[in-house]
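The values are calculated or read from the model by the stated rules, or taken from the named source; none is laboratory data. Model, not experiment: these values are computed from the prediction. Note that we place each Cβ from the backbone using ideal geometry, even for glycine, and neighbour counts take in every protein chain shown.
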Amino acid sequence: MDRLDTMRAFVAVATRGSFADASRHLHLSPTAITRAVAALEDRLGLTLLVRTTRSVRLTAQGSLYLNSCRRILADIDDADRRVRGEAAEPRGRLTVAAPLMFGRLRVLPIVQGLLRAHPALSVRLLLSDRIVHLVEEAVDVAVRLADLPDSAMIATKVSEVRRVTVASPDYLAAHGSPATPADLAGHDIVGFDGVESLTEWRFGAQEDVAVRVEPRLIVNTADAAIAAVEDGFGITRTVSYQVEASVQAGRLRLILEDYATPPFPVSIVHPAYRLGSANIGAFVTAARAYFRGAR
């Protein structure tokens with residue numbers, strides 16, 4: 001194998017954590033993969049991977065080298081597509097990461113439309129509420145719901161969402177609707193991880209109105225909190241897209257709208273060195289069109 005082939009073998013093993021999985025992915029024998037990684041380590045004079053009978057893990061030097069290899073191989077793949085005149089037509093694998101519920105409700109339709117428009121493209125959609133590290137986890141593009149810190153990533157804002165407070169019509173009829181955030185003290189609260197503090201909710205244009213809450217029910221997913229509140233069990237705090245369908249259907253009502261907090265952006269994030277990628281460009285274009293139509 002030449003130098004680039006050994007780098008591809010190393011990236012495949014490091015990404016999948018297995019020589020056998022890497023060999024299947026690259027359609028090479030396990031022996032060829034083992035020799036390629038060994039040749040790369042010999043050339044560098046470093047140990048990149050620590051092998052045991054049960055696992056394969058990166059050394060500190062291996063982690064640093066992996067990031068560089070991914071960037072180099074991505075640049076080469078993009079250059080190959082451009083020189084073949086394929087830059088305008090996405091093809092191959094695009095890996096997209098998104099928050100769990102937002103991904104299911106908003107990103108999956110974008111991906112399905114993209115696949116219909118580009119037959120040569122395939123997509124791996126990873127839905128998780130944890131922050132995915134793009135380079136380290138071989139993710140091409142991620143959807144983030146937050147104000148983003150400065151970084152080496154390119155961020156394209158495509159929409160925005162906001163925190164909202166909701167309850168069912170039946171609950172409000174039985175217990176009354178709070179007129180101010182302070183009135184929440186007399187209500188049943190459903191709390192869940194992921195939006196803000198379980199014990200303190202903030203309101204107002206400057207988020208300077210802080211209210212102490214004591215949830216009677218705490219769950220770990222938005223779906224569960226919304227289901228409980230739709231069933232009449234109290235008030236919850238969530239993100240607008242999570243309850244949009246429920247509000248439109250009349251199962252939930254927005255409350256305390258006079259104390260709304262500022263919206264935060266929905267952004268598509270990818271490494272700066274992937275700026276010329278046809279696959280990423282197609283995803284960004286499709287996302288912009290989708291969210292323009294959703295307004």
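Check every one of the strands (runs of 3 or more DSSP E) wholly within the range 190-274 and list those with 2 or more residues that are over 13 Å from VAL166 (Cα atoms). Break it down into steps so the answer makes sense when it comes.
Details: elements: 200-203, 209-212, 217-219, 235-239, 253-255, 264-271.
Qualifying strands (runs of 3 or more DSSP E): 200-203, 209-212, 217-219, 264-271.
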If the requirement is being crowded, with 17+ Cβ neighbours inside 10 Å, more than 30 Å from VAL211 (Cβ to Cβ) and at pLDDT 90 or above, which of these qualifies: ILE268, ILE235, ILE255?
ILE268
Answer yes or no: is there a residue in the range 158-174 that is assigned by TED's automatic domain parsing to the domain that holds VAL209, without any contact (Cβ under 8 Å) to a residue 60 or more places away in the chain and either surrounded by 13 or more Cβ atoms within 10 Å (Cβ to Cβ) or not acidic (Asp, Glu) (or both).
yes
Within the set of pairs 6+ apart or on separate chains, which have a first residue in the range 48-60 that is without any contact (Cβ under 8 Å) to a residue 24 or more places away in the chain and in the same structural domain as MET7 (by TED's automatic domain parsing), a second that is of a type in the set (A, V, I, L, M) and not in a loop (DSSP other than H, G, I, E, B), and C-beta atoms under 9 Å apart?
VAL50/VAL56; VAL50/LEU58; THR59/LEU49; THR59/VAL50
Which listed residue, of ARG116, ARG124, ARG144, is at pLDDT 90 or above, surrounded by fewer than 14 Cβ atoms within 10 Å (Cβ to Cβ) and assigned to a strand (DSSP E or B):
ARG124
Restricting the search to the range 203-238, which residues are farther than 13 Å from TYR171 by Cβ and of a type in the set (Gly, Ala, Ser)?
GLY204, ALA205, ALA210, ALA222, ALA224, ALA225, ALA227
